[in-house]
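All of the numbers you see were taken from the coordinates with simple rules; none came from a lab. These figures come from a predicted structure and were not determined experimentally. Cβ placement follows ideal geometry from the backbone for every residue including glycine, while neighbour counts extend to all protein chains displayed.
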Amino acid sequence: MMSRLVAGCFLLLMLCANVHAGDCLTDQSGKMVCGAGQCAADQYGKIFCAKAGGGAMRNQYGEVMCGVGFCAVDDNGQVKCSTQAGGGAATDSNGKVKCLGSCQDASPRFCEAAR
């Protein structure tokens, strides 16, 4: 009985935990750099990362764009991201991005330089 209670509490804790793992990439000089959220390299090889729980993707011009949540590219090549940290985004069969919560345009203002 006690083991079931402990297992149930552990499962509940795992479901409620808001875990946002960071991302690491190797830069042009071979140095490993990391960020609080997802990272991506721009057209020049400079790495930018989103804040914790956020997504980072290159747009059609090779610029890194970030969001509060994770991102996807629509049929027009625009990067759209969830407005919720850790929230998912995916492109549907019609080429439209669907997000957890709502979607917003990705922006460099949500990015930070990798460390």
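The packing ranking, built from the mean of other Cβ atoms within 10 Å per residue, places the peptides 68-81, 95-108 in the order 68-81, 95-108, highest first. Residue ranges 82-93, 26-37 sort as 82-93, 26-37 when ordered by packing (mean number of other C-beta atoms within 10 Å per residue, highest first). For residue 111, the amide hydrogen comes within under 5 Å of the amide hydrogens of 66, counting only partners 5 or more places away or on other chains and with H modelled in the peptide plane. Look at where the Cα atoms of the stretch 46-62 and of the stretch 81-103 average out, and the two centres are 15 Å apart.
Among the listed pairs 51/98; 31/80; 46/98; 51/80, those whose Cα-Cα separation exceeds 25 Å are 31/80; 46/98.
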